[in-house]
Each structure stands twice: as structure tokens, then as C-alpha cells.
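The values are calculated or read from the model by the stated rules, or taken from the named source; none is laboratory data. Owing to the predicted nature of the structure, the values given are computational and were not obtained by experimental measurement. In this analysis, Cβ positions are derived from the backbone assuming ideal geometry, glycine residues included, and neighbour counts consider all displayed protein chains.
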Amino acid sequence: MELNLECECNLICLDDFESEAKTRLQYSDYIYYATGADDQQTIQECRAAFKRYRLRPRILRDVSSRNLDTTVLGQPISFPIGISPTALQKRAHHEGELATAKAADKANTLMIVSSHSTTGVEDIATVTPNALHWMQVHIFNVRAITERLVRRAEKAGFKALVVTVDSPVLGNRMEWRRVRDYAMKRISFRFPNLETDDPEEATNVEKINKKANNLSGFNDSETWEDIRWLKGFSHIPVVVKGVLTAKAAKEAVPCGVDGIIVSAHGGRQLDCVPAPIDALSEVVYAVKDSDVEVYVDGGIRTGTDVFKALALGAKAVLLGRPILWGLACDVSWQNGENGVSQVLNIIKEEFSLTMALMGCTSLADIEPSMVVHESKYLTSSRL
Ligand SMILES: Cc1cc2nc3c(=O)[nH]c(=O)nc-3n(C[C@H](O)[C@H](O)[C@H](O)COP(=O)(O)O)c2cc1C
């Protein structure tokens with residue numbers, strides 16, 4: 001199997017895309033994307049934690065042919081790396097979510113669309129009618145807003161709902177607060193997925209728009225009852241995003257959820273939580289007797305990160321910021337999907353390379369014993 005690590009430009013890894021994006025984006029837009037809550041300990045931890053796991057390769061296996069195919073909630077994708085929901089993609093590129101959707105479609109992988117995307121679900125579905133999309137929703141104060149968004153996503157052919165459960169209020173994003181007023185004066189965006197003709201709802205949506213542009217909270221009274229409510233009326237599977245403990249995972253299962261995303265919201269909500277990669281094992285263990293699929297996001301930047309997450313029990317991983325960097329780095333500015341395609345291709349090829357070096361030819365070959373925490377090497381001479 002040929003490795004294809006060639007790239008049209010000199011951006012050869014995902015971190016290169018961030019460095020380049022930083023030079024191309026308006027400063028305040030870069031800050032909006034890159035930074036997190038409070039002291040940003042969780043952002044750092046998300047990356048650092050991956051480096052504390054060690055790989056234990058199998059050797060002398062024929063790895064000349066490798067198959068990265070998998071499924072998420074029964075839907076086939078070509079490799080186990082999808083796209084997390086990120087708001088306001090038009091800050092990075094004028095095509096925003098449409099560019100991301102085209103790149104994800106071309107790569108044959110999953111895109112989760114943010115409720116606060118700057119493109120409507122119908123437009124995304126029209127441009128990429130056969131692609132795999134999931135819709136991220138919040139339980140808004142006015143449930144009718146959530147319900148209408150669910151109906152629109154279902155009608156547009158979206159295959160699952162992703163309900164974000166780590167944001168009853170918005171995290172204290174200090175770096176963003178420092179530049180927010182300037183950024184808002186420069187440009188403020190609308191959120192087509194939340195728009196409505198109903199005047200009463202429109203007033204509420206207007207409030208949400210204002211809040212989201214100002215980045216205030218959503219609904220501080222949401223409970224597991226709301227997940228049951230969502231599951232009760234939706235016609236497509238429900239995934240909860242933002243679980244970091246076995247206890248929360250065990251509470252999710254009886255609500256009938258179909259999937260869990262182990263996520264720290266990219267360090268933008270509660271600071272000082274564990275890195276998702278460290279929380280993954282306890283969540284996987286907690287739901288092992290159910291059919292719930294577990295995915296993880298946060299700090300995934302390399303093929304070895306992907307391998308570690310899969311070995312620790314994730315069905316697939318998701319990328320947040322690297323997609324935004326890809327959008328921002330699009331070389332031509334004509335066709336935003338190029339940058340995202342490059343990001344997806346680089347990490348896919350790195351993962352394929354890791355598979356080869358680990359002696360694996362399919363995802364079924366990846367075993368938990370192939371990844372150990374570095375502390376095992378520090379404390380024991382015999383593993
Ligand atoms: C700019 C930005 C906007 C985001 N918007 C949302 C959102 O609208 N809904 C949501 O559930 N998560 C949102 N997230 C969190 C991501 O879905 C994801 O959990 C996180 O970015 C993963 O970490 P990574 O950026 O290190 O890959 C956002 C993250 C960023 C960086």
C-alpha cells in the first residue's frame with residue numbers, strides 16, 4: 001500500500017496548519033477559535049495527555065494492505081476520523097460549513113454540524129446530498145427551538161443528533177472576552193439553523209443569537225429528563241457530547257442514548273477537567289454491557305493519537321480546531337474545501353502509517369494491550 005504523505009504546500013502536519021492559520025486569520029478570529037476557558041489548563045492537557053501513552057507494536061506482520069473502513073451508528077465511513085461541531089466557520093473562510101461539508105464528503109467521513117453554524121442544514125444537504133451528517137443541538141430554554149431544529153435536520157437527511165451536555169452555562173473564555181467587543185463590531189453572524197417565521201420564537205431566537213454572538217449561556221435548567229424528551233420524539237439516534245466520567249455515562253445509558261462523545265469541549269467550558277483521552281477508558285468500561293458507541297475528541301492532532309484512542313476503546317475520533325485551521329489555510333481562497341481536505345488527508349495517512357508500524361491491517365487488529373500509560377514503564381520493569 002502506497003503512503004501518500006505528499007502535500008501541495010509546505011504544511012505537512014496539523015500543527016503546521018495552526019501556525020499558518022494564525023498568520024492568515026484576523027487576530028480576534030484566531031483567539032475565538034484557539035483559546036479556552038479560565039487558565040486554559042484543559043486545552044494544554046488535551047494534547048499533553050496523549051504523549052503520556054506508549055505504543056507497543058506487533059512486528060513482522062504483512063501490512064502491505066491496510067483497510068481503515070469502519071462504521072459510526074451503522075453508517076460506513078472510510079477511516080475512523082470525523083469532524084466535531086464547531087460554531088461560526090465563516091470566521092475562517094467565506095464558504096464556512098459548505099466547504100467543510102464538501103471536504104468531508106469527498107473523504108467519505110462524518111461531519112457534525114453545529115447548531116451555531118453559519119450555514120443552514122438545508123444548504124449543507126443540498127450541496128452534499130449523499131454525505132454523512134449529524135446535527136449538534138442544545139436543549140434551548142424554549143424547547144420548540146430545539147424541536148424545530150431536530151425536525152429540519154431529520155428532513156434534510158441528517159443521520160443522528162448530537163446533544164451537547166457540558167454547556168448549561170458558557171465557560172469563562174477570558175482571552176475571547178478581551179477581544180470580543182472589537183470582533184463583534186467588525187462582523188456579527190446570523191445562525192440560519194435557529195431562524196423561524198414564528199414571531200414569538202423569533203424573539204427567543206434573537207435572544208439566543210445575541211447571547212451566542214456574545215457567547216453567553218444556553219439553558220441552565222437542563223437535566224437528563226431533557227435527553228429522554230429528545231430521545232422520545234426524534235426519529236434518528238441521539239448521541240450525548242461532553243461526558244467525562246463513568247457516572248455520567250451510566251446515567252446516559254438508561255436515557256436510551258445511542259452514542260457518547262467523550263469530550264471536554266476543546267477546553268472551552270469547565271477548565272481543569274481531565275483530558276478526554278484519560279477519561280475514555282472509564283467511559284468505555286461503564287457502557288460495555290450496552291450497545292452505546294463511544295467516540296472521543298480533544299487534542300487529536302496525529303495518527304498516533306488516533307491509534308491510541310481506538311486502542312483505548314473509541315469507535316472513532318473527531319477533530320475540532322484542525323478543521324478550522326484547514327479552512328483558514330485554503331491556499332486559493334476560492335475553494336475552501338482544499339484546506340480541510342488536506343487536513344483530513346494528512347491525519348488519515350499518518351494513521352495508516354501508524355497502523356503499518358503497529359503491525360495492523362484493519363481496525364479489528366487494534367487491541368487495548370497495544371497502548372499503555374507511561375507510568376507502567378516508570379513503575380514496573382515487567383509489564
Ligand atoms: C471555535 C470552536 C467552536 C465550537 N463550537 C461548538 C459547538 O457549537 N457545539 C459543540 O458542541 N462544541 C463546540 N466546540 C467543541 C468541539 O466540538 C470539540 O469538542 C473540540 O473542539 C475538540 O477539541 P479540539 O479542538 O482540540 O479538536 C467548539 C470548539 C471550537 C474550538
Here are some conditions: (1) more than 23 Å from Thr35 (Cβ to Cβ); (2) under 20 Å from the mean Cα position of the chain (by Cα); (3) crowded, with 19+ Cβ neighbours inside 10 Å. Arg148 meets all but one. Which one does it not meet? (2)
Given the conditions (1) in contact (Cβ under 8 Å) with a residue 60 or more places away in the chain; (2) under 17 Å from the mean Cα position of the chain (by Cα), every one holds for Gly303 apart from (1)
Return yes or no: is Asp258 away from the ligand (no atom under 15 Å from the Cβ), touching a residue at least 60 places away in the same chain (Cβ under 8 Å) and under 22 Å from the mean Cα position of the chain (by Cα)? yes
Restricting the search to the stretch 321-355, which residues are among the charged types (D, E, K, R), at pLDDT 95 or above and away from the ligand (no atom under 14 Å from the Cβ)? Lys348, Glu349, Glu350
Output the number of residues of the stretch 291-300 satisfying the condition of being more than 14 Å from the ligand (Cβ to nearest atom) and surrounded by 19 or more Cβ atoms within 10 Å (Cβ to Cβ). 3
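Being away from the ligand (no atom under 13 Å from the Cβ) and buried (at least 23 other Cβ atoms within 10 Å of the Cβ): is that true of Lys288 here? Working first, answer last.
Values: away from the ligand (no atom under 13 Å from the Cβ): yes; buried (at least 23 other Cβ atoms within 10 Å of the Cβ): no.
No.
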Within the group Ala309, Ala316, Ala356, which residue is aliphatic (A, V, I, L, M) and free of Cβ contacts under 8 Å to residues at least 60 places away in the same chain? Ala309
Ile277 fails exactly one of (1) over 21 Å from Leu161 (Cα atoms); (2) not in a helix (DSSP H, G or I), namely (2)
Examine the stretch 302-313 for a residue that is within 11 Å of the ligand (Cβ to nearest atom) and either surrounded by 24 or more Cβ atoms within 10 Å (Cβ to Cβ) or assigned to a helix (DSSP H, G or I) (or both), and state whether such a residue exists. yes
Looking only at the stretch 115-143, count every residue that is in contact (Cβ under 8 Å) with a residue 60 or more places away in the chain, surrounded by fewer than 19 Cβ atoms within 10 Å (Cβ to Cβ) and not β-branched (Val, Ile, Thr) and tell me the total. 3
Given the options Ile83, Ile43, Ile77, name the one that is in contact with a strand residue (DSSP E or B) (Cβ under 7 Å, 6 or more places away or on another chain), at pLDDT 95 or above, within 12 Å of the ligand (Cβ to nearest atom) and within 16 Å of Val296 (Cβ to Cβ). Ile83
Report, ordered by the first and then the second residue, all pairs with beta carbons closer than 6 Å, sequence separation of six or more or different chains, a first member in the stretch 24-38 that is closer than 12 Å to Val179 by Cα, and a second member that is part of a helix (DSSP H, G or I) and among the β-branched types (Val, Ile, Thr). Ser28/Val179; Ile31/Val179
The stretch 58-101, residues that are surrounded by fewer than 21 Cβ atoms within 10 Å (Cβ to Cβ) and of a type in the set (Val, Ile, Thr): Ile59, Val63, Thr70, Thr71, Ile77
Exactly one condition in (1) closer than 22 Å to Ile347 by Cβ; (2) in contact with a Gly (Cβ under 9 Å, 6 or more places away or on another chain); (3) within 14 Å of the ligand (Cβ to nearest atom) is not met by Leu98; state its number. (3)
